[in-house]
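Notes for the one structure printed next.
The values are calculated or read from the model by the stated rules, or taken from the named source; none is laboratory data. Please read these numbers as outputs of a predicted model, since none were measured by experiment. When we count neighbours, we look across all protein chains shown, and the Cβ atoms used for this are built from the backbone with ideal geometry, even at glycine. Ligands, DNA and RNA are excluded from the accessible area calculation, which covers all protein heavy atoms including side chains. Shrake-Rupley method; radii C 1.70, N 1.55, O 1.52, S 1.80 Å.
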Amino acid sequence: LCDWSSDVCSSDLTIPSPGAQRELRESLERIRPDLVYASLTLSPLDFRLPDLCQQLGLPLVATFHPAFDAGLRNLSAGTQQLTYQLYAPSLARYDRVIVFSALQAEMLERLGVRRERLAIIPNGVDTDLWMPAPRVAGPVLSDLRRRYAGRRVFLYMGRITTEKNLEALLKAWRLVRPAGCLLLIVGDGPLRASLQNPGETDVEWWGYEASLEKRIALLQLAEVFLLPSLVEGLSLALLEAMAAGAACVATDAGADGEVLDQGAGIVISTQGVTTQLRTLLPVLRDQPVLTAELGRRGRARVIDRYTLTRNIDALERLYAELIPQPLAA
C-alpha cells in the first residue's frame, strides 16, 4: 500500500512542490506498491493520479470527504457543490472512491461517477475510548464535575468558522437563556473574537483543547451536544459525542441527519437553525429523562454502525478485492 499526500498543505488547498509529479512517478516505479491510496485534498495532483496509476498498472483508491448539504440551502453548500462538480470527472477514473454515506454516493452518481466505483465506508470511532462516564470518575472528569457543579452543560465542540454556524446557536441561546444551564464552547477559529461576549455568565469559551483525556471528559460531562453546521461530511465530533452518551442535536447537513435518524438524536434543518433551537432548548432543559434516553440511543447507534473496527474491516475487504492475488504454484 502506498499512501500518497502532497507537500504543502493549507485548510483549503494542497499545493504540490515543484517536480512533485515526477518525484511521485519515480517513487511509484521504484516501490511498485500493490495499491495506491490517496486522501484527496484539492491538489492538482489529485487529477493526474488516475492517468499515472493506469500507466503503471496500479490499483488506485481515494477517500473523498468534503462537507456538503445536498439541499443547496445556503451559500456554504453552494460553494461545496462546486468542489463535487470539479472532482466528479476525475473520480470516475479512480478504481474505488471511498465515501461516508449513501447520500454522498447519490450526489456523486448524479454527477457521473458510476455506482460500482463508489465504496460507502462511514467514519468510525473507538467505542472503548469514547464512552459514557464510568461509575468511578477519574481525576479529570471529577475536576470538571466540581468546576461545573449545579449546572447542566450544553456543549459545542469544533472549529469556530462560518460553515459551523455557531452564530445561530448563540442567537438561540441568548434568546432563551435556559436557567441552570451552561453553553460550553470548546474549540477555536477565526470567528471567535466576533462572537464572544465576555460579560456572559452562561456561555463559556473554553478554547482549543489538545488533551484527548480532557476532550473525552468534556463529552462525558455534557448532557447535550449541539452541532448547528451549514455543511458537514460525517462529523467525527458528533460520533464521539454519541459514543460518550450525550444527547445529540445536529442539522441534516451532510450525513449527520442520516447518523441521527430514527430516534438516535434530534435532527434539525440547516434553514432556520436559530428558530428551531429556540424551541428545542427549553424542552431539553425541562426533560432530563429525554436527554438521557437520547444519549443511550445515540451510543447504541454508534455501536451498531460507526465503530472503528467496522471501518477498518471494510477497508481491508476493499483493499483485498483490488489487490491482484498471486497465482497458485
#### Entry: Accessible-area value, ARG114, 1.4 Å probe, nucleic acids and ligands omitted, Å²
120
### Task
Grab the DSSP H runs of the chain that are 4 residues or longer, score each as -39,500 (n - 2.57), total them, divide by all residues and round the 222 nm result to the nearest 500 deg cm²/dmol.
-13500 deg cm²/dmol
### Summary
For the range 177-329, the accessible surface attributable to carbon and sulfur atoms (probe 1.4 angstrom, ligands and nucleic acids excluded) amounts in percent to 54
### Message
For Cα pairs less than 8 Å apart in space and 6+ apart in sequence, what is the mean separation divided by the residue count of the range 227-329, i.e. the relative contact order in percent?
### Response
29
### Message
When a/c reaches 1.5 or more, the comparison of a/b and b/c decides; with that in mind, is the range 168-283 rounded, prolate or oblate per its Cα gyration tensor?
### Response
rounded
### Query
For the range 216-329, what does the alpha-carbon gyration tensor say about shape, rounded, prolate or oblate, given a ≥ b ≥ c as the root eigenvalues, a/c under 1.5 as rounded, and a/b over b/c as prolate?
prolate
#### Entry: Spin-label model distance (nm) - GLU293 vs LYS171, 7 Å beyond Cα toward Cβ
3.1
### Task
Could you tell me how many degrees, from 0 to 90 and to the nearest 10, lie between the Cα long axis of helix 212-221 and the main elongation axis, the longest principal axis, of the Cα atoms of the chain?
40
### Task
Kindly rank 248-258, 310-320, 175-185 from highest to lowest mean number of other beta carbons found within 10 Å of each residue.
248-258, 175-185, 310-320
### Solvent-accessible ranking of ARG151, ARG110, largest area first, probe 1.4 Å
ARG110, ARG151
### Query
So how tilted is helix 20-31 from the main axis of the chain? Cα-based, degrees 0 to 90, rounded to 10.
70
## Note on the structure
Relative to the chain, whose Cα atoms define the longest principal axis, helix 166-176 and its Cα axis are tilted in degrees, nearest 10, by 20
### Spacing of the two label points (7 Å from each Cα toward its C-beta) at GLU29 and LEU111, in nm
3.3
### Message
Let me spell out the model: positive unit charges on the Cβ of Lys and Arg, negative unit charges on the Cβ of Asp and Glu, origin at the Cα centre of the chain. What dipole size does that give, in debye rounded to 20?
### Response
760
